[in-house]
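Data block below; observations after.
Derivation of every value follows stated rules applied to the coordinates shown; laboratory data play no part. Bear in mind the structure is a predicted one, so any value in this text is a computation, not a measurement. Don't worry about glycine lacking a Cβ; one is built from the backbone with ideal geometry, like all the others, and counts go over all protein chains shown.
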Amino acid sequence: MKQQKKSCSPDGAGWIYSETIKDHFFHPRNILLDETGYKADGVGTVGSPECGDVMIAWIKVDKKTERIKECKWRTFGCASAIASASMMSVMATEKGGMDLKTAQTLKPQQIVERLGGLPDRKFHCSVLGHEALREAVEDYLNKNGK
Ligand code: FES
């Protein structure tokens with residue numbers, strides 16, 4: 001029988017997931033399972049060339065402050081993508097909402113840091129959330145002639 005590498009064993013040995021990742025995976029924040037009737041100001045959809053998974057982000061923007069007041073998302077990605085998107089949505093809306101410039105320049109490393117790290121081979125999953133957010137902001141700016 002072919003020996004499996006320890007890091008890929010079916011019981012997950014070798015994969016280190018922080019308690020924060022597990023919390024956001026099992027209790028995802030701001031997930032939107034059905035967007036019917038949800039009126040977003042901006043929508044972003046991205047796919048990962050690494051694994052083919054898809055992430056959609058919807059934002060609502062406070063027109064006076066130009067800050068994100070709501071950030072919803074849905075992904076067909078893995079547990080790390082779910083946890084990353086959940087954390088991204090928290091970061092985008094906490095402390096009165098992220099300003100659009102900051103949202104456009106949010107780095108996946110910042111999301112991973114807040115998650116307490118991700119296994120190296122899962123880093124690309126964290127990219128999906130911040131790219132979808134950036135697309136949603138650009139969509140909002142385009143729709144509003146900015
Ligand atoms: S999103 Fe595809 S492996 Fe994580």
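Filtering the stretch 67-99 to residues that are buried (at least 16 other Cβ atoms within 10 Å of the Cβ) and at positive phi leaves only G97.
Considering (1) crowded, with 21+ Cβ neighbours inside 10 Å; (2) under 11 Å from the mean Cα position of the chain (by Cα), the lone condition that R134 does not fulfil carries the number (1). Only one of the numbered conditions (1) within 14 Å of the ligand (Cβ to nearest atom); (2) crowded, with 16+ Cβ neighbours inside 10 Å; (3) not small (G, A, S) is not met by R121, and that is (2). Counting only helices (runs of 4 or more DSSP H) that sit completely within the stretch 10-118, those holding 1 or more residues that are among the small types (G, A, S), within 28 Å of N142 (Cβ to Cβ) and within 16 Å of the ligand (Cβ to nearest atom) correspond to 79-93. Pairs under 7 Å by beta carbon, first residue over 14 Å from I21 (Cβ atoms) and of a type in the set (S, T, N, Q) in the stretch 71-84, partner near the ligand (Cβ under 8 Å from one of its atoms) and assigned to a helix (DSSP H, G or I), six or more apart or different chains? Once the first residue is over 14 Å from I21 (Cβ atoms) and of a type in the set (S, T, N, Q) and sits in the stretch 71-84, its partners that are near the ligand (Cβ under 8 Å from one of its atoms) and assigned to a helix (DSSP H, G or I) give T75/A81; T75/L128.
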